[in-house]
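Let me begin by presenting the structure, written as structure tokens, before commenting on it.
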Amino acid sequence: MNTLTLHQAVEEFLTGLAGEVSASTRRWYDQRLSLFYEFVGPVSVADVTPATIRAYRAHLVDRELSVHYIHGCQRALRRLFSWLTQEGIVGRNVAAEVPLIKLPAQAPKAVSDDDVARILARLPHEDIRNRAIILLLIDTGCRVGGLVSLTLEAVNVPARYALVVEKGTKARRVYFTEMTAEAIALYKLVRPASESNALFVSPRGEEITANAVRQMLERVGERAGVQGKVNPHSFRHAFARSFLKNGGNLAALGRILGHAPGSQVTAQYYAVWDDRELQEYHERYSPLANVNGKVNGRGRD
């Protein structure tokens with residue numbers, strides 16, 4: 001019987017994450033899992049059962065924490081026990097046997113198509129660096145962390161792809177179209193001299209931060225007359241929605257966005273549609289979409 005305490009199991013899990021995820025992601029797990037072992041107390045990890053998880057979920061609900069926070073706590077537990085199972089420390093993932101708390105229906109988080117059009121119309125009047133950044137975000141769906149960490153060598157303009165490093169040390173290839181390639185090539189011609197190897201730098205040659213990108217997008221959005229949200233992640237969502245609207249499938253989208261194979265994240269957080277869009281899809285893809293007029297026509301004869 002495994003005598004590892006729950007606290008020790010969490011510490012080993014967090015150590016195992018080092019080098020696989022970013023420091024902020026490790027802190028996210030640490031904060032949520034520490035709540036769990038504080039609730040359970042000094043028990044063996046082998047003594048944790050689905051009933052333990054359910055009692056913990058009820059405890060969080062009683063504290064009137066947000067459903068999103070509770071959902072995150074449960075997901076952290078599932079990841080912990082998945083890792084413990086893979087390591088042979090426990091026999092099964094008991095956290096996966098407890099349903100996740102239900103989340104309310106969420107509105108799409110993407111920048112709207114109309115606002116994308118407004119931003120694109122504004123781009124010729126913007127700084128070439130900002131044009132390249134915005135086009136890269138729209139065109140690839142990359143995370144802002146991957147964008148600001150791009151190096152000069154990581155971008156292959158003629159082949160139209162880049163290697164981004166996101167969420168710690170995870171590297172993946174993202175692709176872009178000719179418009180974005182031209183903007184990047186032009187920016188590289190006027191890029192300020194810098195000791196940094198980063199692709200995007202400030203006018204003084206300093207590496208830019210994710211927060212600087214967010215602030216820039218807010219300023220450009222204001223000048224463009226954007227009506228809704230505009231931030232780096234809203235472009236990632238917009239890319240996903242456009243990809244699916246144009247016939248792309250979830251499996252390919254998940255790979256492009258850098259999600260793990262088989263992950264439910266792609267469908268749960270990116271394939272999100274409002275009622276109007278669902279009705280449009282129904283009109284387009286219903287089995288009767290192509291014959292509806294004929295059926296109605298015959299009915300009038």
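Screening A55 with (1) assigned to a helix (DSSP H, G or I); (2) surrounded by 15 or more Cβ atoms within 10 Å (Cβ to Cβ) gives one miss only, at (2).
If we scan the stretch 28-44, do we find a residue that is loosely packed, with under 12 Cβ neighbours inside 10 Å, at positive phi and part of a loop (DSSP other than H, G, I, E, B)? Write out each step before concluding.
The initial filter retains those residues of the stretch 28-44 that are loosely packed, with under 12 Cβ neighbours inside 10 Å, namely 38, 41-42.
Cutting the leftovers down to at positive phi gives us 41.
Adding the requirement that they be part of a loop (DSSP other than H, G, I, E, B) leaves 41.
Yes: one or more hits.
Among residues of the stretch 25-44 that are assigned by TED's automatic domain parsing to the domain that holds R78 and modelled with pLDDT under 90, those with a beta-carbon under 9 Å from a residue that is among the small types (G, A, S) and assigned to a loop (DSSP other than H, G, I, E, B) at least six positions away or on a different chain give the pairs T25/G168; R26/G168. Scan the stretch 219-226 and give yes if some residue there is over 23 Å from the mean Cα position of the chain (by Cα) and either part of a loop (DSSP other than H, G, I, E, B) or within 30 Å of G19 (Cβ to Cβ) (or both), otherwise no. Yes, some residue in the stretch 219-226 is over 23 Å from the mean Cα position of the chain (by Cα) and either part of a loop (DSSP other than H, G, I, E, B) or within 30 Å of G19 (Cβ to Cβ) (or both). E20 meets each of the listed conditions (1) free of Cβ contacts under 8 Å to residues at least 40 places away in the same chain; (2) in contact with a strand residue (DSSP E or B) (Cβ under 8 Å, 6 or more places away or on another chain); (3) acidic (D, E) apart from (1).
Results for (1) modelled with pLDDT of 90 or more; (2) surrounded by 16 or more Cβ atoms within 10 Å (Cβ to Cβ); (3) small (G, A, S); (4) within 23 Å of R26 (Cβ to Cβ), shown as yes or no for each residue.
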residue	(1), (2), (3), (4)
L60	yes, yes, no, yes
R63	yes, no, no, no
I70	yes, yes, no, yes
R78	yes, yes, no, yes
W83	yes, yes, no, yes
R92	yes, no, no, no
A95	yes, yes, yes, yes
K109	no, yes, no, no
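May I ask you to say which residue of A154, A193, A198, A162 is surrounded by 15 or more Cβ atoms within 10 Å (Cβ to Cβ), modelled with pLDDT of 90 or more, among the small types (G, A, S) and out of contact with any helix residue (DSSP H, G or I) (no Cβ under 9 Å at 6 or more places or on another chain)? Please lay out each step first, then the result.
Working: A193 fails: surrounded by 15 or more Cβ atoms within 10 Å (Cβ to Cβ); A198 fails: out of contact with any helix residue (DSSP H, G or I) (no Cβ under 9 Å at 6 or more places or on another chain); A162 fails: out of contact with any helix residue (DSSP H, G or I) (no Cβ under 9 Å at 6 or more places or on another chain).
Step by step, each of A154, A193, A198, A162 is checked, and only A154 is surrounded by 15 or more Cβ atoms within 10 Å (Cβ to Cβ), modelled with pLDDT of 90 or more, among the small types (G, A, S) and out of contact with any helix residue (DSSP H, G or I) (no Cβ under 9 Å at 6 or more places or on another chain).
The test for being of a type in the set (A, V, I, L, M, F, W, C) and at pLDDT below 70 holds for A267. Scanning the stretch 207-237 for residues that are among the small types (G, A, S) and more than 15 Å from I133 (Cα to Cα) gives A224, G225, G228. Counting the residues of the stretch 210-231 that are exposed (fewer than 13 other Cβ atoms within 10 Å of the Cβ) and under 19 Å from L150 (Cβ atoms) gives 2.
The values are calculated or read from the model by the stated rules, or taken from the named source; none is laboratory data. This is a predicted model, so every value here is computed, not measured. When we count neighbours, we look across all protein chains shown, and the Cβ atoms used for this are built from the backbone with ideal geometry, even at glycine.
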